[in-house]
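Chemist: To start, I am sharing the structure in question, which I have written as structure tokens.
The values are calculated or read from the model by the stated rules, or taken from the named source; none is laboratory data. In this text, all values refer to a predicted model and were calculated from it rather than measured experimentally. Backbone-built Cβ (ideal geometry, glycine too); neighbour counts: all protein chains shown. Keep in mind that these areas ignore ligands, DNA and RNA; they rest on the heavy atoms of the full protein, side chains included. Shrake-Rupley method; radii C 1.70, N 1.55, O 1.52, S 1.80 Å.
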Amino acid sequence: MASFFQDARLPQQRVVEGVAFPAVVVPTATAAGGGIDEFLAAVRSEREARLEPLVRDAGALLLRGFPARTAEDFDRAVDAFGYEELPYVGGAAPRTNVVGRVFTANESPPDQKIPFHHEMAQVPTFPSKLFFFCEVEPKSGGETPIVLSHYVYKRMKEKFPDFVEKLEKDGLIYTRVLGEGDDPSSPIGRGWQSTFLTKDKAVADERAAKLGMKLEWTDDGVKTIMGPIPAVKWDESRGRKIWFNSMVAAYTGWKDARNDPVKAVTFGDGSPLPAVVIAECGKILEEECVAVPWQHGDILLIDNWAVLHSRRSFEPPRRILASLCK
């Protein structure tokens, strides 16, 4: 039986260690006229043999030109991949549920960049896969750059061996102050009620404890303390170390009326991180990343064990949806 999917090349792709990053598939000539039901059937039938090996080898897969046009189509497409949904508990980004297991991506203002991070790297329970979907193309900018985590680790180890050694030994502590309600002006503006999916402080305490997170309540919110938590992990399926943290994102981007980013992340022993090293890490992330401009209907599947992602500032309109999977 002929495949519904064929490999494609984009000018923004990189070849890293002999593998095109990200992998890109488009419809074959025979599939080009098919509707959403045919597309979903093809995902189900070819997922295991055709699509998942691309994700495993490349770390990310862009599906372009397929007939997913709406949030409902995207919800059905995520379901067709067969991954179990992961509730968004403990994450920092302001998000809104759209339909089913689909949420808006980070709703922070368009002039703000979102630095590189692994999704929910600051908590022990994080998604193994995440999907993004372009419902409305940006007028300009607004790419979601991606970068291979093991390659960032390799470059950081070469350039700052002592820093990486301490990071691997001590891990990181993340500290964030949350208000009661969401603050859409902040990239980390999720309030505690949304973060813990409750209005009951006792339930929030219980859910935080399950994450290994300490809560310190104040008159108008709560300070959350997570860690020490590993900043470098072992990707067992690929047999390599990965730069699995939100260090640069927290140190440079966790800033709002409640939070000072320099205090938001420290070494696991409480000592401050060196600003020069953070800046150099940020440069490495930018140097090694791939940023493909969004097109309406694009579905980007990211292996959260392999790839960090970010967001560039943009000129509206832009509507990117997301779904997190165990």
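Chemist: Please go through segment 281-304 and give me each residue that is of a type in the set (Asp, Glu) and surrounded by fewer than 17 Cβ atoms within 10 Å (Cβ to Cβ), ordered by number.
Modeler: Those that are of a type in the set (Asp, Glu) and surrounded by fewer than 17 Cβ atoms within 10 Å (Cβ to Cβ): 286, 287.
Chemist: I'd like to know if segment 306-324 contains one or more residues that are outside the structural domain of residue 188 (by the TED database), touching a His at 6+ places or on another chain (Cβ under 8 Å), touching a residue at least 12 places away in the same chain (Cβ under 8 Å) and not in a strand (DSSP E or B).
Modeler: Looking for residues that are outside the structural domain of residue 188 (by the TED database), touching a His at 6+ places or on another chain (Cβ under 8 Å), touching a residue at least 12 places away in the same chain (Cβ under 8 Å) and not in a strand (DSSP E or B), one finds at least one in segment 306-324, hence yes.
Chemist: Taking the condition of being in a helix (DSSP H, G or I) and either surrounded by 15 or more Cβ atoms within 10 Å (Cβ to Cβ) or outside the structural domain of residue 168 (by the TED database) (or both), how many residues in segment 230-267 meet it?
Modeler: So the answer is 10.
Chemist: Enumerate the pairs (first residue in segment 129-146 and closer than 24 Å to residue 87 by Cβ; second residue anywhere and basic (Lys, Arg)) with beta-carbon separation below 6 Å, excluding pairs fewer than 6 apart on the same chain, so at least 6 apart or on different chains.
Modeler: Partner pairs satisfying both residue conditions: 135/319; 144/311.
Chemist: Right, next: With (1) small (Gly, Ala, Ser); (2) without any contact (Cβ under 8 Å) to a residue 60 or more places away in the chain; (3) open to solvent by 40 Å² or more (accessible area, probe 1.4 Å) as the list, and residue 270 as the residue in question, which single condition is left unmet?
Modeler: That leaves (2) as the condition not met.
Chemist: Determine whether segment 272-289 contains at least one residue that is in contact with a Gly (Cβ under 6 Å, 6 or more places away or on another chain), part of a helix (DSSP H, G or I) and at pLDDT 95 or above.
Modeler: So far as segment 272-289 goes, no, none of its residues is in contact with a Gly (Cβ under 6 Å, 6 or more places away or on another chain), part of a helix (DSSP H, G or I) and at pLDDT 95 or above.
Chemist: Could you please give the count of residues in segment 47-79 that are within 30 Å of residue 239 (Cβ to Cβ) and among the charged types (D, E, K, R)?
Modeler: Looking only at that region, the number is 6.
Chemist: Here are the criteria: (1) within 21 Å of residue 129 (Cα to Cα); (2) surrounded by fewer than 16 Cβ atoms within 10 Å (Cβ to Cβ); (3) not charged (D, E, K, R). Tell me which single one residue 63 does not satisfy.
Modeler: (2)
Chemist: Next question, about the same structure. So if I check each of 277, 307, which one is surrounded by fewer than 20 Cβ atoms within 10 Å (Cβ to Cβ) and of a type outside the set (Gly, Ala, Ser)?
Modeler: Of 277, 307, the one residue that is surrounded by fewer than 20 Cβ atoms within 10 Å (Cβ to Cβ) and of a type outside the set (Gly, Ala, Ser) is 277.
Chemist: Which of the numbered conditions does residue 105 fail, given that it passes all the others? Conditions: (1) open to solvent by less than 40 Å² (accessible area, probe 1.4 Å); (2) at pLDDT 95 or above; (3) out of contact with any Lys or Arg (no Cβ under 6 Å at 6 or more places or on another chain).
Modeler: With (1) open to solvent by less than 40 Å² (accessible area, probe 1.4 Å); (2) at pLDDT 95 or above; (3) out of contact with any Lys or Arg (no Cβ under 6 Å at 6 or more places or on another chain) applied to residue 105, the lone miss is (2).
Chemist: Same structure again: Let me confirm something: among 46, 17, which residue is among the charged types (D, E, K, R) and open to solvent by less than 60 Å² (accessible area, probe 1.4 Å)?
Modeler: 46
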